[in-house]
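Notes for the one structure printed next.
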Amino acid sequence: MKLVFAGTPEVAVPALDALIASDRHEVAAVVTRPDAPAGRGRRLVASPVAQRAEEAGIEVLKPAKPRDEEFLARLREIAPDCCPVVAYGALLPKAALDVPARGWVNLHFSLLPAWRGAAPVQHAVMAGDEITGASTFLIEQGLDSGPVYGTVTEVVRSTDTSGDLLTRLAFAGSGLLCATMDGIEDGSLKAVPQPADGITLAPKITVEDAQVDWSAPALRVDRVVRGCTPAPGAWTVFRGERLKLIQAALVPDRTDLAPGELGAAKNNVYVGTGSHAVELLWVQPQGKKPMRGADWARGVRIAPDERLGATDVR
């Protein structure tokens, strides 16, 4: 089939690579979000998908909005058979959905109908799911509600951050997306409507959502830290400033600390929760680089009974 691939971030690149390498399909063009400011200089930088497509000599389309008539006209000129999508980042209007004869097929990083929305992997980690996966489905106007072509499953490990899990799913999902394109092309694959039961939603995780509640059980604290890593980053407050929490570990045998109370040892720093303590393995103070929790604790010289989680943020 002639394909137009839509995607933007690094997580979409493995799927694009797999489709480029396929001997059954031609990636005629790529659709991605416009260049965005990045780095200290805030200069405009092309998306990872745009950069990969340009390296491969593939035409890149960067509409400000996918309903722009100039973009729609070019899409009609290319006349793709199908448009595979991975984390494109913009809603597709009906005028665009109607162009490819075999539709737009999305690779979504959950086992639909679970975790429909923008942040399925983060929500799976934060909810404590033991199994997740990826699905390919035909895009309709509803939110991730279209019929499903296929799935792959992935075990959620006890130490997984959302970044770890998403990386694995990106590569597993690239094979699924290629197999889906093959099955659509030869007619061996039919999309199956999603069940009405089991629908859960995965809206974008905000910075406010990523603030740790130390009165919650330690298991919940650990899941929030892992689920919000690398983005938007779990955080708390110490002495009026934000402290980013990069990695923590459960310490079930330490129950002497009140929620948010800090306990520093020579090579460790612990904080109390609603159940037992967690150890802060890696943190990032405001305006500084990531550091080991014990090094941070030595540097700030924690006072007796000092706590994390005060609400006054400078």
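The values are calculated or read from the model by the stated rules, or taken from the named source; none is laboratory data. Given the structure is predicted, the values throughout are model-derived calculations rather than measurements. A quick note on method: Cβ atoms are made from the backbone with ideal geometry, for glycine too, and the neighbour counts reach across all protein chains shown. Side chains included, ligands, DNA and RNA excluded: accessible areas come from the protein's heavy atoms. Shrake-Rupley method; radii C 1.70, N 1.55, O 1.52, S 1.80 Å.
Of all residues in the stretch 57-81, those that are out of contact with any strand residue (DSSP E or B) (no Cβ under 8 Å at 6 or more places or on another chain) and open to solvent by less than 60 Å² (accessible area, probe 1.4 Å) total 3. If I go through the stretch 157-207 residue by residue, how many of them are open to solvent by 40 Å² or more (accessible area, probe 1.4 Å), touching a Pro at 6+ places or on another chain (Cβ under 8 Å) and closer than 23 Å to Val13 by Cα? The total comes to 1. Lys244 meets each of the listed conditions (1) within 28 Å of the chain's Cα centre (by Cα); (2) part of a strand (DSSP E or B); (3) over 26 Å from Ala118 (Cα atoms); (4) not hydrophobic (A, V, I, L, M, F, W, C) apart from (3).
Once the stretch 8-25 is narrowed to residues that are within 14 Å of the chain's Cα centre (by Cα) and not in a loop (DSSP other than H, G, I, E, B), the residue that is surrounded by the fewest Cβ atoms within 10 Å (Cβ to Cβ) is Glu10. The helices (runs of 4 or more DSSP H) found entirely in the stretch 37-149 that carry 2 or more residues being within 15 Å of Phe5 (Cα to Cα) and within 18 Å of the chain's Cα centre (by Cα) are 48-55.
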